[in-house]
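Read through the structure below, which is laid out as structure tokens, and then see the notes.
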Amino acid sequence: MLKVFNKKNSIITFGFLTSVLFLIMMLVEQANGRFWLNDFKVFYSAAEALLSGNEVYGVVFGLETGYYKYSPFTLLLFIPFTFLPYSIAAGIHFWVIVSATIGTFVVIYSIANRYLTKGNGFHLIILLFGLIVILNHLIRELHLGNTNMILLFVLSLSAHLGLAGKERSAGLLLGIAILTKPYFLLLGLPLLLIKNWKWVASTAFAVIAFIMISITFLGFENGVLQYKNWLDSMAGHSSYLTSSHTINSLLETYFGIALPEYSSYGMLILFSLGFCWLIHRVVLPIKKQFVLCYFVIIALIPNFLVTDTEHFLFTLPLILFSINEILSSKRYLFFLPLIIAAAFYLGNSSDLLGKDLSNTVNRLGLLGISNLLLIGITAWLLVSSNLGFAAGEETT
């Protein structure tokens with residue numbers, strides 16, 4: 001029955017079901033006194049501190065890991081929230097995340113059907129499958145009030161607009177993402193791959209303009225100081241976080257190879273360069289090359305950099321690409337490895353597994369391994385078949 005839903009009705013139904021699901025979550029958390037959004041509280045409190053002339057960086061807001069670590073420009077985006085009571089601001093931010101999540105699904109599915117795969121009749125199935133796979137991570141994202149799904153929406157929309165020839169808008173969005181998390185500078189590699197210099201220039205202009213706007217708003221001396229403090233805070237970010245799911249951690253766990261922490265940055269750059277080079281050597285339409293490189297780099301980030309597990313939400317586009325391709329090409333045997341990888345990716349819950357087993361799953365880095373499997377499955381599916389299209393051709 002789900003197959004008979006056309007694309008428009010599937011998106012409307014998906015948006016409605018997702019909204020109802022998270023409305024229930026919000027009401028339950030409020031009833032239980034757990035509607036905290038501790039990460040959002042950091043942004044909110046840091047914005048208040050900025051307006052009051054107090055320290056923003058290197059100061060704990062809320063939990064012991066509650067350091068503000070984004071740029072001064074990004075903090076300006078949170079200032080409007082401070083004119084509202086925290087409870088109302090938190091509720092608005094919660095629904096911003098829900099809206100960004102629905103928007104990400106819509107944009108990614110549109111990219112998949114335009115540049116990767118012919119349309120099929122399973123629109124709602126694909127959307128719901130993706131939601132189920134990321135649900136555990138998404139619930140934690142909403143509970144904490146983080147920004148990962150918002151950033152993924154911004155990055156996905158940037159790709160969608162850029163591929164459609166709207167490079168100025170795409171560069172504006174990519175600039176926002178880069179100033180929030182500078183490791184997104186790596187997404188310049190796919191832009192170089194397709195030689196879209198207008199997109200590159202627009203992004204560079206946006207970053208410079210946003211920095212100058214924020215320095216002007218803060219006052220030159222204070223603005224420069226805030227950016228210096230931001231750089232210092234990023235350098236110490238991983239000192240209060242740990243992860244069992246990075247390449248460095250997996251190498252040490254399974255092979256006893258201990259690498260210095262800074263090596264992960266170099267490996268991420270080299271792997272991204274190598275992957276883009278290999279994809280460019282394959283006979284694929286150029287925009288398909290871009291989509292694969294762009295979203296694989298995003299998905300790789302939590303496998304190389306020490307961060308929280310919600311960052312594995314960055315793999316959502318690849319999950320949707322995979323299920324869309326399997327159903328479209330009828331290569332149903334790929335469901336087995338996809339489901340196995342998705343089962344580990346679903347997340348670690350002490351409520352379901354018990355405390356001891358949960359600790360073991362975390363120690364073994366199974367989330368990180370499953371993420372690498374999902375990346376590999378997607379790349380193999382899209383490259384091996386070439387989807388039956390000639391190089392340079394787009395799907396419609």
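List TRP95, TRP230, TRP199 from most exposed to least, where exposure is judged by having the fewest other Cβ atoms within 10 Å.
Exposure proxy ranking, most exposed first: TRP95, TRP230, TRP199.
Just want to confirm a number: the relative contact order over the range 1-152, from Cα pairs under 8 angstrom separated by 6+ residues, in percent.
Relative CO of the range 1-152 lands at 38 percent.
How tilted is helix 263-281 with respect to the longest principal axis of the chain? Cα atoms for both, answer in degrees (0 to 90, nearest 10).
That works out to roughly 30 degrees.
Please order VAL306, VAL291, VAL28 by the number of other Cβ within 10 Å, starting at the fewest.
Going from least to most buried by this count: VAL28, VAL306, VAL291.
In whole Å and largest first, what semi-axes does the C-alpha gyration tensor of the chain yield when each eigenvalue is scaled by 5 and square-rooted?
Those come to 32, 25, 23 Å.
Rounded to the nearest 0.05, what FRET efficiency is calculated for TRP197 and LEU270 with R0 set to 22 Å and r the Cβ-Cβ distance?
0.35
For LYS198, which aspartates and glutamates qualify as cross-link partners when the Cα separation must be under 14 Å and same-chain residues fewer than eight apart are set aside?
LYS198 reaches GLU167.
So, with +1 on the Cβ of K and R and -1 on the Cβ of D and E, and no other charges, what is the size of the charge dipole of the chain about its Cα centre, to the nearest 20 debye?
So the dipole magnitude of the chain works out to roughly 1340 debye.
So what is the relative contact order for the range 2-388, in percent, with contacts set as C-alpha pairs under 8 Å and at least six apart?
19 percent
Say the dipole of the range 2-388 comes from +1 at the beta carbon of Lys and Arg and -1 at that of Asp and Glu; which of THR147, TRP380, PHE43 then lies farthest toward its positive end?
TRP380
What is the gain in length, in nm to one decimal, between LYS330 and ALA209 on full extension, counting 0.36 nm per residue of separation less the C-alpha to C-alpha distance?
So the extension gain works out to 38.8 nm.
Show me the three semi-axes of the equivalent ellipsoid for the range 137-219, from the C-alpha gyration tensor (sqrt of 5 times each eigenvalue), largest first, rounded to whole Å.
Ellipsoid semi-axes (Å, largest first): 22, 19, 10.
Give me the Å³ per residue figure for the convex hull around the C-alpha atoms of the range 300-374.
Spread over its residues, the Cα hull of the range 300-374 gives 91 Å³ apiece.
Which lysines have a Cα less than 26 Å from the Cα of LYS41, not counting those fewer than 8 places away in the same chain?
Qualifying lysines at Cα under 26 Å: LYS69, LYS181, LYS228.
In whole Å, what is the distance between the alpha-carbon centres of the range 27-91 and the range 160-195?
The distance from the Cα centre of the range 27-91 to that of the range 160-195 comes to 27 Å.
No lab work stands behind these numbers, since they all come straight from the coordinates. Just so it is clear, the structure is predicted and the values come from calculations on it, not from any experiment. Counting neighbours? That spans all protein chains shown, and the Cβs are built from the backbone with ideal geometry, glycine included.
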